[in-house]
Amino acid sequence: MEEFELSPAKNSFRQLKEQWEEAELLDEDNNLNLKHVSDEEFIQLFFSMRIIKKSLSPHTIRSYNQDMKTILSFFYEREITLKSIGFMEVKLFNEEMMNQYANRTAARKLEFFRRMLEFGHATHFYPSLYTTWIEKPSIAKGHYSDKEKQNRTEYRELTDREAQVIVNALESVVRIRQHEKEFKARNRLMGMLLYMSGMRSSELLSLN
């Protein structure tokens, strides 16, 4: 797959523009046109221009990669290329996500799919704006998990007492005698940070 430079960091602007013109990525109006690129090239440009940002955490990037893998696996297993996606394929993927995943996960994957289709339409990879046909599940505000088979929503908001039990448990797992006081204080602080700030575990670990 050909690699397309997106920044003039290595090349001059003129060289960069010539590279894109030679690859037929620019139309007569000097606008981005991906009408003739392959699926692989489309994915590369989609990620480079719309997905990957320096501010994203490794956890978020992994989630995006997993969402892209879900899309590719779904369509390629059915011998459908990304380029050939249309109304029927969008509805088929939408239904599969709704049936296979809990509401929050399905909504995230469908939102990623929507962004891909929107980018594809803006760059002429897709002739129509197929995002019109995406229907995401409704998501209640707050932290929760769906139990659709039981037809109910289970809330996971912790009470102060439950949070204290968890914090105490984090302290109790310390078994070594050397620096025991320091390790217990560290674990207690970690528990309080997670509870009071809503910080993700991956974000907490990145502070180390």
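The values are calculated or read from the model by the stated rules, or taken from the named source; none is laboratory data. These numbers come from a predicted model, not from an experiment. Positions of Cβ are backbone-derived with ideal geometry, glycine not excepted, and every protein chain shown enters the neighbour counts. Please note that ligands, DNA and RNA were not included when accessible areas were found on the heavy atoms of the full protein model with its side chains. Shrake-Rupley method; radii C 1.70, N 1.55, O 1.52, S 1.80 Å.
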Quick one: Phe46 ticks every box in (1) without any contact (Cβ under 8 Å) to a residue 60 or more places away in the chain; (2) aromatic (Phe, Trp, Tyr); (3) buried (at least 17 other Cβ atoms within 10 Å of the Cβ) bar one, so which box is it?
(1)
Filtering the stretch 68-84 for residues that are basic (Lys, Arg), surrounded by fewer than 15 Cβ atoms within 10 Å (Cβ to Cβ) and closer than 18 Å to Leu45 by Cα leaves a count of 1
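With Asn11, Asn65, Asn30 as the choices, which residue is farther than 17 Å from Leu117 by Cβ, in a loop (DSSP other than H, G, I, E, B), open to solvent by 30 Å² or more (accessible area, probe 1.4 Å) and modelled with pLDDT of 85 or more? Before the answer, list the steps.
Values: Asn11 fails: modelled with pLDDT of 85 or more; Asn65 fails: in a loop (DSSP other than H, G, I, E, B).
One residue alone meets the criteria, Asn30.
Open to solvent by less than 30 Å² (accessible area, probe 1.4 Å), over 30 Å from Leu205 (Cβ atoms), of a type in the set (S, T, N, Q) and not in a loop (DSSP other than H, G, I, E, B): is that true of Asn99 in this structure?
Working: open to solvent by less than 30 Å² (accessible area, probe 1.4 Å): no; over 30 Å from Leu205 (Cβ atoms): yes; of a type in the set (S, T, N, Q): yes; not in a loop (DSSP other than H, G, I, E, B): yes.
No, not satisfied.
Here are Phe113, Phe87: which of them is closer than 21 Å to Trp133 by Cα, crowded, with 18+ Cβ neighbours inside 10 Å, at pLDDT 90 or above and of a type outside the set (D, E, K, R)? Don't jump to the end; show me each part of the working.
On the way: Phe87 fails: crowded, with 18+ Cβ neighbours inside 10 Å.
From the options Phe113, Phe87, the qualifying one is Phe113.
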Taking the stretch 136-182, which residues are at pLDDT 80 or above, part of a loop (DSSP other than H, G, I, E, B) and surrounded by fewer than 11 Cβ atoms within 10 Å (Cβ to Cβ)?
Ser138, Val173, Arg175, Ile176, Arg177, Gln178
Residue in the stretch 116-132 that is at negative phi, among the aromatic types (Phe, Trp, Tyr) and assigned to a helix (DSSP H, G or I) present:
yes
